1. Testing the spin-label approximation: label points 7 Å from Cα along Cα→Cβ at Arg43 and Leu101. State their distance in nm.
2. Can you tell which of Leu55, Leu101, Leu30 shows the greatest fluctuation in a Gaussian network model of the chain with Cα springs below 10 Å?
3. Measure off, as a whole percent, the carbon and sulfur share of the 1.4 Å-probe accessible area of segment 64-117, all protein chains present.
4. Normalised by the residues of the chain, what does the relative contact order come to in percent, with Cα pairs under 8 Å and at least six apart?
5. Roughly how big is segment 8-58's charge dipole about its Cα centre, with Cβ charges of +1 (Lys, Arg) and -1 (Asp, Glu), in debye to the nearest 20?
6. Let me spell out the model: positive unit charges on the Cβ of Lys and Arg, negative unit charges on the Cβ of Asp and Glu, origin at the Cα centre of the chain. What dipole size does that give, in debye rounded to 20?
7. Would you mind estimating how fast segment 1-73 diffuses translationally, via Stokes-Einstein at 10 °C and 1.306 mPa s with the Kirkwood radius over Cα pairs, in µm²/s?
8. Computed FRET efficiency, Cβ-Cβ of Asp11 and Ser70, R0 30 Å: what is it to the nearest 0.05?
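The values are calculated or read from the model by the stated rules, or taken from the named source; none is laboratory data. Predicted model only: the values in this text are computed from it and were never measured. In this analysis, Cβ positions are derived from the backbone assuming ideal geometry, glycine residues included, and neighbour counts consider all displayed protein chains. Note: areas computed on protein heavy atoms with side chains; ligands, DNA, RNA excluded. Shrake-Rupley method; radii C 1.70, N 1.55, O 1.52, S 1.80 Å.
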Amino acid sequence: MELAFYRGPGDLVNTVIRIVTRGPISHVELVFSDGTGFSASGRDGGVRLKTIHDLDNSDLWVRVPLPHISPEQEQRLRKHCSSMEGIAFDYRGLLSFICPLFRTDPNKQYCSRLVMS
């Protein structure tokens with residue numbers, strides 16, 4: 001398992017995220033050993049599991065291994081992640097990085113909050 005941080009060119013949303021966070025990363029995925037990514041994505045409609053095809057492109061992704069997760073732990077984590085599929089994307093939470101008047105919706109998710117929780 002690993003974390004994969006997207007640093008590719010992306011679209012306007014990716015660019016805005018990088019400007020606001022003042023960094024090169026605009027998205028994060030929790031990646032299972034079979035290459036399935038778990039994250040929340042506005043373009044994918046919210047929380048989802050999906051195969052990430054371009055993970056081997058180091059121009060697009062920074063990959064950080066998670067070496068201390070056993071196969072049993074990975075299986076339990078995948079089951080938990082599967083149970084979260086379909087949760088809506090938290091656009092307001094994403095906007096809270098720009099303006100604190102926007103609040104995170106506890107019933108929705110964005111990538112970094114989801115993957116780190």
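1. Once both label points are built, they end up 3.0 nm from each other.
2. Leu101
3. Using a 1.4 Å probe with all protein chains present, segment 64-117 comes out at 61 percent carbon and sulfur.
4. Dividing the mean separation by the residue count of the chain yields 30 percent.
5. With only Lys, Arg, Asp and Glu charged at Cβ, the dipole is about 260 debye.
6. Charge dipole of the chain: 440 debye, to the nearest 20.
7. Numbers: Rh = 12.9 Å.
Here the translational diffusion coefficient equals 123 µm²/s.
8. Using R0 = 30 Å, I get an efficiency of 0.20.
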